[in-house]
Amino acid sequence: MNFNNLDQLYRSVIMDHYKNPRNKGVLDNGSMTVDMNNPTCGDRIRLTFDIEDGIINDAKFEGEGCSISMSSASMMTEAVKGHSLGEAMQMSQEFTKMMLGEDYEITEEMGDIEALQGVSQFPARIKCATLAWKALEKGTVEKEGKSEGTTEED
């Protein structure tokens, strides 16, 4: 597949997640809730997770933002389900490496995430792509019972 076809495929994957988001909504009985904003462009997101014995059983998001931030949140919630918080953190670290143009390892279980790789060429959009992942990291670090709060990404 040539570069133009691959680029078009990735764009269609991103737009599919934006127009048909997976896991959109709120878990009423979630064990972890995290709110985060990107003041640079106005993106905002709320993540809710159902975590039992350190395993993410369910993940949902709601928010407003550009196609990059919302599709990334959709992809992230799909990727982390069924994984431990530690595994989710590792996924987040690999995703961040990809966004920064560093060597990274995206596994098949991370789903469509690699479709966002092209965002790394646009520094102003990296915060859009990483917003949900940074919220996941924040919630994981703060996880002690129920964690709630609103944060702006630096």
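Quick notes on this one:
- Cut-off under 5 Å, modelled amide H: who pairs with Ile51 long-range: Ser31, Met32, Asn57
- Per-residue Karplus couplings for the range 55-64, computed as 6.51 cos²θ - 1.76 cosθ + 1.60 with θ equal to phi - 60°, are listed in order as 10, 7, 7, 8, 8, 9, 9, 8, x, 9 Hz, Gly and Pro entered as x.
- Shape category assigned to the range 37-141 from the gyration tensor of Cα positions, a/c cut at 1.5: oblate
- In sequence order, calculated HN-Hα J values of the range 23-35 (Karplus, 6.51, -1.76, 1.60; Hz; x Gly/Pro): 6, 7, x, 10, 8, 4, 10, x, 8, 8, 10, 9, 10
- Remark: spin-label model distance Glu105-Asp28 equals 4.2 nm, labels positioned 7 Å along the Cα→Cβ axis.
- Lys pairs, the chain - Cα-Cα below 22 angstrom, 8 or more residues apart or on other chains: 28
- Rounded, prolate or oblate (a/c below 1.5 giving rounded, otherwise prolate when a/b exceeds b/c) for the range 22-82 by Cα gyration tensor: prolate
- Value at 222 nm in deg cm²/dmol, rounded to 500, when DSSP H runs of n ≥ 4 in the chain each add -39,500 (n - 2.57): -14500 deg cm²/dmol
- Relative packing of 108-121, 58-71, 37-50, which averages over residues the other C-beta atoms within 10 Å, highest first: 58-71, 37-50, 108-121
- Ascending count of other beta-carbon atoms within 10 Å, so fewest first, for Val34, Val141: Val141, Val34
All of the numbers you see were taken from the coordinates with simple rules; none came from a lab. Since the structure is predicted, the reported quantities are computational estimates derived from the model, not experimental observations. Don't worry about glycine lacking a Cβ; one is built from the backbone with ideal geometry, like all the others, and counts go over all protein chains shown.
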